[in-house]
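Encoded as structure tokens, the structure appears first; notes follow it.
The values are calculated or read from the model by the stated rules, or taken from the named source; none is laboratory data. All values derive from a computational prediction rather than experimental measurement. Methodologically, a virtual Cβ is constructed for each residue, glycine included, from the backbone with ideal geometry; neighbour enumeration extends over all protein chains shown.
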Amino acid sequence: MKYLFLTIPILLLTACRSDRSAYPIEGDRDILFTEIVLDTIPVRLENTSYSGHSGVDDGRIYFLDQFFSYLYLIAPDGTPISRSMGMGRGPNEIPLKQTSAATVRDRELLILGSSYDYYISEDFGTPQRKEIRVSPEDSSLEDARAYTSFSEILRSGNGKFYYNIYSESPYANPVEHSADYFRNAHILMEIDSETGTARPIGRFSDYYTENHSRLKHLFGTVYDLTENGDFVVSHQADSMIYVSDRDFRPVRAFGFQGTGMNTDYAQAAPGWDGFNDAYLEDTTHKGYYYWLEYVDETDTTFRSYQKGSHTDRDGLQIYRGSTLIADVEVPKGFCVAGYIAPYYFSRMNCDIDNKTIHFYRFKLTQP
């Protein structure tokens, strides 16, 4: 399993063939909130590297330290509840020097290793090591081995898990073959949690196939899974949000461009150097969508976006069903992680220089 060689993390992930013509367009604007009030909740953790994976599960916030492999469970008020796991080869320990990605769902911890290995811990017991199985074939974009992993976003459900992929294959990559790539490439790897069998799934939206040359360096996708297995998908430079069923059949599409986004994207020069230069320019100075979270309990979709270097604030769109109910300013890098009534919670914010960790929480309550 290879990893992306660009010097800045790329946000990648899933989507089916999101042909706009095949998706019923829904949604409207009904702005109920012009701002949200964020409570900053500090968290004090012992023996942490101030880098890790966080989220919400079972009424608690979790934080898996990326380098020490400690799993912390934290109350909604920021009080640490427990610390378990840890790096090592003994009982309840994780045999990794660094975790690539991790997620917790229904008290099941899933961790990606540095190669084709992954680990599943039921009820936070001793992790079981398993192998991702890919065919030896690498002759087309239908072969799992044709793809490189980039697992910044990891989701699990329905006995499967998913992570980001892209291809550097000489016969199809976004740099040298952008038209073919955006028409035929998959953008998500699906793994059977029990057997490890892998298959690439999902494709880019029509917006990318129609603008492949201009957007070839902005091929990231963010997504979430609903409780019934639907995919909620947003591409890095596409204002629409696409909902597909678990077989990637179109359900609906909705969405509006974020407020104040600078979308005057660079035209990448030919070759990988031009691709990297355009990527660095646009992810530093331009606007793009970088996170999506769907909350089943309230049928609410949160989409975070960068506006551009002209402001020190990011944006957060909030959709109730398919209706935009808020588009508000938030701190840089703000990502909603989940819901524990009556609050929505962000992912952990770690500051290694000042050795602090905090998260945000907020309510959506009309006055």
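Overview of values
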| quantity | calculated |
| --- | --- |
| Single unsatisfied condition, HIS217 versus (1) assigned to a loop (DSSP other than H, G, I, E, B); (2) within 30 Å of THR34 (Cβ to Cβ) | (2) |
| Sole exception among (1) of a type in the set (Lys, Arg); (2) surrounded by fewer than 20 Cβ atoms within 10 Å (Cβ to Cβ); (3) within 18 Å of the chain's Cα centre (by Cα) for LYS363, by number | (3) |
| The listed residue being in a strand (DSSP E or B), more than 25 Å from GLU176 (Cβ to Cβ), touching an Asp or Glu at 6+ places or on another chain (Cβ under 6 Å) and not charged (D, E, K, R), out of TYR289, TYR319, TYR294 | TYR294 |
| Scope region 249-262; condition of a type outside the set (Lys, Arg) and within 18 Å of GLU26 (Cβ to Cβ); matching residues | PRO250, VAL251, ALA253, PHE254, GLY255, PHE256, GLN257 |
| Among (1) aromatic (Phe, Trp, Tyr); (2) touching a Phe, Trp or Tyr at 6+ places or on another chain (Cβ under 9 Å); (3) surrounded by fewer than 23 Cβ atoms within 10 Å (Cβ to Cβ), the one test that TYR171 misses | (2) |
| Cβ-Cβ under 7 Å pairs, at least 6 apart or on other chains, region 292-305 side at positive phi, far side assigned to a strand (DSSP E or B) and surrounded by 13 or more Cβ atoms within 10 Å (Cβ to Cβ) | ASP299/ARG320 |
| Strands (runs of 3 or more DSSP E) enclosed by region 54-165 - at least 3 residues per element that are without any contact (Cβ under 8 Å) to a residue 40 or more places away in the chain and touching a strand residue (DSSP E or B) at 6+ places or on another chain (Cβ under 9 Å) | 70-74, 80-85, 117-122 |
| Looking only at region 226-252, and only at residues there that are of a type outside the set (Asp, Glu) and over 27 Å from ASN173 (Cα atoms), the one that is surrounded by the fewest Cβ atoms within 10 Å (Cβ to Cβ) | ASN228 |
| Qualifying residue in region 14-36 (condition: among the hydroxyl-bearing types (Ser, Thr, Tyr), surrounded by 20 or more Cβ atoms within 10 Å (Cβ to Cβ) and at pLDDT 90 or above) | no |
| Of all residues making up region 220-239, the number that are touching a helix residue (DSSP H, G or I) at 6+ places or on another chain (Cβ under 7 Å) and either acidic (Asp, Glu) or not in a strand (DSSP E or B) (or both) | 4 |
| Those residues of region 85-96 which are loosely packed, with under 15 Cβ neighbours inside 10 Å and either among the acidic types (Asp, Glu) or over 25 Å from the mean Cα position of the chain (by Cα) (or both), in sequence order | GLY88, ARG89, GLY90, PRO91, ASN92 |
| Criterion: touching a helix residue (DSSP H, G or I) at 6+ places or on another chain (Cβ under 7 Å) and modelled with pLDDT under 95 - qualifying residue of SER139, SER135 | SER135 |
| Complete set of residues in region 177-193 that are over 18 Å from the mean Cα position of the chain (by Cα), free of Cβ contacts under 8 Å to residues at least 40 places away in the same chain and surrounded by fewer than 22 Cβ atoms within 10 Å (Cβ to Cβ) | HIS177, ALA179, ASP180, ARG183, ASP192 |
